[in-house]
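Here's the structure, in structure tokens; my notes come after.
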Amino acid sequence: MDISALNSRITIQKSNSVCDEVGNYTLRWEDYFSCYATISNASGGEDEKGDVAENESLSFTVRYCKKAVGVNSTEYRISFNNKTYNIKYVDLMGFKKKSIKFKAELVV
């Protein structure tokens, strides 16, 4: 892994359900941790009908650490450049314990 390519700061956020005084549950996003990442572009693609989609999807590659290993696609999201990305897939890069790649799409 090329450490000099880790040049963009990202924040991984975790969802927590909060109950109000009436008993309604809402999701609250809180910062889980922040780290440097290599970001690669993977925009575009086709949807189920075969139409070309204009969604922005990025791949975020971070160094392997205990906090990053715990991230999954259902409870976490990524904040980068004042934009929010839903994690679609977590790739542990062959279980070599060197890096983790998150494939994510822009929240519209």
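Read-outs: derived from the displayed coordinates by stated rules, not from any lab. Because the structure is a prediction, the values reported are computed rather than measured. Counting neighbours? That spans all protein chains shown, and the Cβs are built from the backbone with ideal geometry, glycine included.
Give the residues of segment 78-99 that are under 15 Å from C35 (Cα atoms) and in a strand (DSSP E or B), sorted by residue number.
Listed by number, the residues that qualify are I78, S79, F80, S99.
Filtering segment 1-31 down to residues that are of a type outside the set (S, T, Y), surrounded by 13 or more Cβ atoms within 10 Å (Cβ to Cβ) and in a strand (DSSP E or B), which residue is farthest from the chain's Cα centre (by Cα)?
Only one residue fits best here, namely W29.
Filter segment 51-77 for residues that are surrounded by fewer than 15 Cβ atoms within 10 Å (Cβ to Cβ) and not in a loop (DSSP other than H, G, I, E, B); which is farthest from the chain's Cα centre (by Cα)? Before you say what the answer is, go through the steps one by one.
Taking segment 51-77 first, the residues surrounded by fewer than 15 Cβ atoms within 10 Å (Cβ to Cβ) are 51-55, 65-67, 69-70, 72-75.
Subset that is not in a loop (DSSP other than H, G, I, E, B): 52, 66-67, 69.
Numbers: V52: 23, K66: 16, K67: 13, V69: 12 Å.
Result: V52.
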